[in-house]
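Before any comments, here is the structure.
The values are calculated or read from the model by the stated rules, or taken from the named source; none is laboratory data. None of these values were measured; they are calculated from a predicted model. Cβ: placed from backbone, ideal geometry, glycine included. Neighbour counts: every protein chain shown. Accessible surface areas use protein heavy atoms only, side chains included; no ligands, DNA or RNA. Shrake-Rupley method; radii C 1.70, N 1.55, O 1.52, S 1.80 Å.
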Amino acid sequence: MLNKPVLAESLVVFVIVLCVHAVVWDRYSWCAVALAVQAFYVQFKWDRLLQLGGAVFQFRTAANSGLLPASMVIPLLGIVMKERCKTAGIVYFERFGIVVASTGMLVALFLSVIAVGITKPVPTNTCILTGVAGSIIIYTMKHSLTVSEVIEVLEVLLIFVYLSMILLYLLPRCFTPGEALLVLGGISFVLNQLIKRSLTVIEGRGDPIDFFLLVAVVGVILLGLFFTVLFMFMDSGTWISSMFFHMMTAVLGLGVIMPWLYRLIQRNPLFWLLQFLFQTQTRVYLLVYWTFLAASACGIVFYQNAKRSSESKKHQASTITRKYFHFIVVATYVPGLIYDRQLLYVAAVLCLAVFIFLEYIRYFRIKPFGQTLRHLLSLFLDERDSGPLILTHIYLLLGMSLPVWLFPRSCAPKGTLSGAGVLVPYSGVLAVGVGDTIASVFGSTMGEIKWPGTKKTVEGTMTAIFAQIIAVALILIFDSGVYLNSSYAWILASVSLVSLLEASTTQIDNLLLPLYLQILFM
């Protein structure tokens with residue numbers, strides 16, 4: 001039987017789905033509602049499999065499956081993107097939104113079929129629900145997608161299947177089923193887009209910063225897969241292996257990734273990047289400021305480790321200490337969002353690549369910094385880092401960056417978005433940087449009334465809602481490009497729903513909350 005937090009989480013997700021489709025009701029709405037209902041029931045099966053150890057792979061044990069909230073993210077993103085671009089009259093991206101929504105539904109349905117298939121005895125009612133939802137989705141896709149779009153959807157599904165088999169085997173206990181759906185589904189879509197654009201590249205078509213994101217994400221993932229396979233046959237902690245690691249990184253970076261990016265942007269990637277970063281004086285000031293903040297974050301890590309005495313090796317950093325990094329990230333992103341969003345876009349991509357590369361060094365114990373990184377970061381581990389990888393800081397960066405990367409720039413030329421839509425790039429700052437941080441700090445220090453079945457407090461949730469409303473008011477004051485029109489009630493409802501989701505979910509909130517807030521704002 002589902003516990004109270006899971007029921008509360010599911011209720012909030014259903015309300016979000018209905019809110020979105022109350023504004024945008026079309027043929028895809030039936031698909032989304034059918035997918036949500038069957039995902040709710042399949043959650044029972046996944047949770048039971050996780051409790052009994054009957055899942056095919058080893059998933060993170062300190063959380064429920066999270067199938068329902070994860071299943072709805074990509075389809076809802078596609079639907080709101082379709083509507084936004086349809087309003088702007090951009091047919092290409094309207095069709096792209098339909099492909100995104102169809103892909104998300106099919107991938108989520110596939111994960112549900114897996115759960116139903118390995119459950120013994122076979123759950124008849126859940127099978128019927130999954131079959132009905134699948135029939136509705138496939139029927140709608142048949143009458144909505146062209147042949148080339150159907151092929152694209154199936155390509156992403158195929159990539160997802162293979163990536164899931166490889167990464168879930170290599171990285172046990174790093175994800176819940178829902179987190180795997182989000183992360184691996186996103187990587188699959190990025191990889192498919194990069195292959196598609198590489199085969200049909202046309203000079204002058206496409207924004208270089210979009211290509212930079214695609215190549216950087218796929219490049220670091222392929223780098224990790226290459227070294228994972230390699231170090232199965234040799235000890236990664238020796239100096240010879242470490243020298244080989246650095247040498248092969250340089251070879252793959254300069255020999256594969258750089259030429260790939262050159263083909264897409266039709267210019268030298270290094271020269272383009274340097275020219276882009278130092279193009280204006282504002283960008284130089286922002287880069288200096290961000291360098292100072294990065295040094296401050298490193299200083300916090302070193303200071304907290306220096307405080308750790310030899311008698312308390314198992315001591316972990318407190319919740320408030322970990323939230324220091326949330327404040328630093330807010331201080332990093334807000335000036336970028338106000339003064340230069342393109343620079344923030346590229347800087348976030350570079351930061352993501354550096355974070356993942358440093359995690360490779362820590363995970364493989366690459367000399368000379370691998371063991372040092374293991375020692376320094378062990379202080380900040382929590383129950384969500386139960387697998388071999390430490391992913392919470394990467395999830396924090398993704399949660400802040402995804403609303404910036406996924407902002408529909410082509411469908412909102414010269415700031416034509418109005419109402420809550422103008423706050424889409426701020427979704428990460430509001431949901432994670434302000435809401436989650438304030439809820440955690442105030443809830444852990446002053447909260448007394450707990451939500452049923454959780455450690456989260458009512459006081460923390462209410463304070464988070466209030467803090468996000470204040471943050472929206474400050475954005476209105478300092479960002480002259482933000483004009484809310486008459487969307488205050490919708491913004492309050494969106495912030496409240498996402499804060500309630502934060503109070504009830506056991507998934508990685510740094511990743512989940514900004515995406516749902518972005519969906520509601522769009």
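Identify all residues within the stretch 106-116 that are more than 13 Å from residue 189 (Cα to Cα) and in contact (Cβ under 8 Å) with a residue 24 or more places away in the chain; write none if there are none. Before you say what the answer is, go through the steps one by one.
Filtering the stretch 106-116 for residues more than 13 Å from residue 189 (Cα to Cα) gives 108-116.
108, 109, 110, 111, 112, 114, 115, 116, listed by residue number.
Residue 240 fulfils the conditions (1) at pLDDT 85 or above; (2) among the aliphatic types (A, V, I, L, M); (3) within 20 Å of the chain's Cα centre (by Cα) except for a single criterion, (3).
Out of 213, 261, 273, report the one residue that is under 30 Å from residue 67 (Cα atoms), in contact (Cβ under 8 Å) with a residue 24 or more places away in the chain and touching a Phe, Trp or Tyr at 6+ places or on another chain (Cβ under 9 Å). Can you show your working first?
Values: 261 fails: under 30 Å from residue 67 (Cα atoms); 273 fails: under 30 Å from residue 67 (Cα atoms).
Only one candidate passes the filter, namely 213.
Selection of first residues in the stretch 161-172 that are part of a helix (DSSP H, G or I) and of second residues that are hydroxyl-bearing (Ser, Thr, Tyr), restricted to Cβ pairs under 6 Å at least 6 apart or on distinct chains, gives the following pairs, ordered by first then second residue: 163/188; 170/228.
Please determine whether any residue of the stretch 339-346 is among the polar types (S, T, N, Q) and in the same structural domain as residue 439 (by the TED database). Lay out the reasoning, then the answer.
So in the stretch 339-346, the residues among the polar types (S, T, N, Q) come out as 342.
Filter once more, so that each one left must be in the same structural domain as residue 439 (by the TED database): none.
Within the stretch 339-346 (the criterion being among the polar types (S, T, N, Q) and in the same structural domain as residue 439 (by the TED database)), the answer is no, since none of the residues qualifies.
Tell me, please, whether a residue that is in a helix (DSSP H, G or I) and closer than 19 Å to residue 161 by Cβ can be found in the stretch 92-99. If you could, list the steps in order and put the result at the bottom.
First pass over the stretch 92-99, keeping only residues in a helix (DSSP H, G or I): 92-99.
Of the ones still in play, those that are also closer than 19 Å to residue 161 by Cβ are 99.
Taking every residue of the stretch 92-99 in turn, at least one turns out to be in a helix (DSSP H, G or I) and closer than 19 Å to residue 161 by Cβ.
Condition (residue is touching a Lys or Arg at 6+ places or on another chain (Cβ under 9 Å), in contact (Cβ under 8 Å) with a residue 60 or more places away in the chain, not in a loop (DSSP other than H, G, I, E, B) and not aromatic (Phe, Trp, Tyr)) applied to the stretch 26-46: is it met by at least one residue? The answer is no, given that none of the residues of the stretch 26-46 is touching a Lys or Arg at 6+ places or on another chain (Cβ under 9 Å), in contact (Cβ under 8 Å) with a residue 60 or more places away in the chain, not in a loop (DSSP other than H, G, I, E, B) and not aromatic (Phe, Trp, Tyr). Selection of the stretch 238-248 for residues being within 17 Å of residue 354 (Cα to Cα) and either in contact (Cβ under 8 Å) with a residue 40 or more places away in the chain or touching a His at 6+ places or on another chain (Cβ under 6 Å) (or both) yields 245, 246.
Of the residues 84, 60, only one is surrounded by 20 or more Cβ atoms within 10 Å (Cβ to Cβ), on the phi < 0 side of the Ramachandran plot, of a type in the set (D, E, K, R) and not in a helix (DSSP H, G or I); which? Full working, then the answer.
On the way: 84 fails: not in a helix (DSSP H, G or I).
Of the residues listed, the single one that is surrounded by 20 or more Cβ atoms within 10 Å (Cβ to Cβ), on the phi < 0 side of the Ramachandran plot, of a type in the set (D, E, K, R) and not in a helix (DSSP H, G or I) is 60.
In the stretch 54-83, the residues that are closer than 18 Å to residue 42 by Cα and modelled with pLDDT of 90 or more form Cβ pairs under 8 Å with partners that are open to solvent by 20 Å² or more (accessible area, probe 1.4 Å) and among the hydroxyl-bearing types (Ser, Thr, Tyr), at six or more places apart or across chains, as follows: 75/28.
Just a yes or no: is a residue in the stretch 477-488 surrounded by 24 or more Cβ atoms within 10 Å (Cβ to Cβ) and over 24 Å from residue 411 (Cα atoms)? No; the residues of the stretch 477-488 include none that is surrounded by 24 or more Cβ atoms within 10 Å (Cβ to Cβ) and over 24 Å from residue 411 (Cα atoms).
In this structure, is residue 342 outside any loop (DSSP other than H, G, I, E, B), open to solvent by 20 Å² or more (accessible area, probe 1.4 Å) and out of contact with any helix residue (DSSP H, G or I) (no Cβ under 8 Å at 6 or more places or on another chain)? Talk me through it step by step, then tell me what you get.
Details: outside any loop (DSSP other than H, G, I, E, B): yes; open to solvent by 20 Å² or more (accessible area, probe 1.4 Å): yes; out of contact with any helix residue (DSSP H, G or I) (no Cβ under 8 Å at 6 or more places or on another chain): no.
The answer is no for residue 342.
Can you tell me which residue within the stretch 137-170, out of those that are under 16 Å from residue 75 (Cα atoms) and polar (S, T, N, Q), is surrounded by the fewest Cβ atoms within 10 Å (Cβ to Cβ)? Result: 144.
Could you tell me whether the stretch 294-304 includes any residue that is out of contact with any Phe, Trp or Tyr (no Cβ under 7 Å at 6 or more places or on another chain) and either assigned by the TED database to the domain that holds residue 59 or not in a helix (DSSP H, G or I) (or both)? Checking the stretch 294-304: not a single residue is out of contact with any Phe, Trp or Tyr (no Cβ under 7 Å at 6 or more places or on another chain) and either assigned by the TED database to the domain that holds residue 59 or not in a helix (DSSP H, G or I) (or both). Of the residues making up the stretch 96-125, those that are of a type in the set (S, T, N, Q) and open to solvent by less than 10 Å² (accessible area, probe 1.4 Å) are 102, 103, 112, 119. Screening 397, 352, 358, 379 for residues that are of a type outside the set (Phe, Trp, Tyr) and open to solvent by 20 Å² or more (accessible area, probe 1.4 Å) leaves exactly one candidate, 358. Take the stretch 276-288 and flag every residue that is in contact (Cβ under 8 Å) with a residue 40 or more places away in the chain and either polar (S, T, N, Q) or open to solvent by 80 Å² or more (accessible area, probe 1.4 Å) (or both). Hits for the stretch 276-288 are 280, 282. Could we say that residue 341 is within 22 Å of the chain's Cα centre (by Cα) and modelled with pLDDT of 85 or more here? It is true that residue 341 is within 22 Å of the chain's Cα centre (by Cα) and modelled with pLDDT of 85 or more. Residues being free of Cβ contacts under 8 Å to residues at least 40 places away in the same chain, surrounded by fewer than 18 Cβ atoms within 10 Å (Cβ to Cβ) and assigned to a loop (DSSP other than H, G, I, E, B) are entirely absent from the stretch 320-339.
Need at least 2 residues that are among the hydrophobic types (A, V, I, L, M, F, W, C), at pLDDT 90 or above and closer than 30 Å to residue 172 by Cβ per element, so show me which helices (runs of 4 or more DSSP H) inside the stretch 347-459 make the cut, counting only ones lying wholly within it. Talk me through it step by step, then tell me what you get.
On the way: elements: 370-378, 392-405, 437-446.
In the stretch 347-459, 392-405 are the helices (runs of 4 or more DSSP H) which contain 2 or more residues that are among the hydrophobic types (A, V, I, L, M, F, W, C), at pLDDT 90 or above and closer than 30 Å to residue 172 by Cβ.
Within the stretch 250-258, does at least one residue satisfy the condition of being at pLDDT below 85, over 23 Å from the mean Cα position of the chain (by Cα) and in a helix (DSSP H, G or I)? It would help to see each step written out before you state the result.
To start, the set of residues in the stretch 250-258 that are at pLDDT below 85 comprises none.
Checking the stretch 250-258: not a single residue is at pLDDT below 85, over 23 Å from the mean Cα position of the chain (by Cα) and in a helix (DSSP H, G or I).
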